[in-house]
Each structure stands twice: as structure tokens, then as C-alpha cells.
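*Asks:* One structure follows; several queries about it will come next.
The values are calculated or read from the model by the stated rules, or taken from the named source; none is laboratory data. Bear in mind that the values here come from a model prediction, so they are computed numbers and not experimental data. Using ideal geometry, Cβ is built from the backbone for each residue, glycine included, and neighbour counts are taken over all protein chains shown. Quick note on the areas: whole protein, heavy atoms, side chains included, nothing else; ligands and nucleic acids left out. Shrake-Rupley method; radii C 1.70, N 1.55, O 1.52, S 1.80 Å.
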Amino acid sequence: MKEKTIAGMLTQALGETVDDRSRRAVSGGSISKCWVYHTPRERIFVKSGAAATAASFAAEAAGLSALARTQTIRVPKVVLTGTCEEGAFLALE
């Protein structure tokens, strides 16, 4: 069954409950909506948008992962990227 919410998909990926009520809007995004989700152990930064933005989020995730592999600069770890009924999203540590 496809998860309906970003929080549900994060819960599956992290193996710990991510309550949708923990989501708080944050500023900084001019194209995407930006959120912070709180878990019992950490905060997850999420960029979200229409389902049509899934490819751009996937490309951003690939770029961040490639930068991380160089071990030359600190970049946020990609937690998850995907789509759900809320649209497309990119979740970062």
C-alpha cells in the first residue's frame, strides 16, 4: 500500500514514528515548500512540491550523494526522496 503522507513514508524509511503533527514550516525555499519534521531522535528537513517536481528532487538527491562521496565538504545526508498523495519531496538530515 502506498503511503499517503510524507510522515508515513519517513516512518517506514527511518523505522521510527514520524508524527505529521510535528511538521513545522520553515523559510528559505523560493520554489519548494520547506518543512522540518521532528522524530524522537532527530529533525528531518523536507522540501516538497507538486508531483511533477519528483525528477528534480531525485537529481538533487543524486548530486548531494555524489558530493558526499568526495569527502571534501560536509553535505546533508539524503534520508529519502519520493512521491505520495501530498506530492513529491526530498528529505534530508
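*Asks:* Check which residues have an amide H placed less than 5 Å from Ala88's amide H, if you skip close sequence neighbours.
*Replies:* Under 5 Å from the amide H of Ala88 lie the amide H atoms of Gly49, Ala50, Ala51, Thr53, each far enough along the sequence or on another chain.
*Asks:* Given a cut-off of 15 Å, what percent of all Cα-Cα pairs of the chain lie beyond it?
*Replies:* Within the chain, distances greater than 15 Å cover 59 percent of Cα pairs.
*Asks:* In square angstrom, what is the accessible area per residue of the chain with a 1.4 angstrom probe?
*Replies:* Per residue, the chain has 62 Å² of solvent-accessible surface.
*Asks:* With angles folded into 0 to 90 degrees, how steeply does helix 54-70 sit against the dominant principal axis of the chain? Use alpha carbons for both and round to 10.
*Replies:* 50 degrees
*Asks:* With a 10 Å radius around each residue's Cβ, average the other Cβ atoms per peptide and rank 63-72, 80-89, 45-54, highest first.
*Replies:* The most tightly packed comes first, giving 80-89, 45-54, 63-72.
*Asks:* Related question: Ignoring ligands, DNA and RNA, please state the percent of accessible area on the range 1-83 from carbon and sulfur, probe 1.4 Å.
*Replies:* Solvent-exposed carbon and sulfur of the range 1-83 make up 56 percent of the total.
*Asks:* Hey, what do the phi angles of the range 4-17 turn into as Karplus ³J(HN,Hα) couplings, whole Hz, using 6.51/-1.76/1.60 and θ = phi - 60°, x for Gly and Pro?
*Replies:* Values, residue by residue: 8, 10, 4, 4, x, 5, 5, 4, 5, 5, 8, x, 9, 5 Hz.
*Asks:* On to the next question. Is it possible to state the helix-based mean residue ellipticity at 222 nm for the chain, with each DSSP H run of 4+ residues giving -39500 (n - 2.57), the sum divided by total residues, to the nearest 500 deg cm²/dmol? What is it?
*Replies:* It lands at -9000 deg cm²/dmol.
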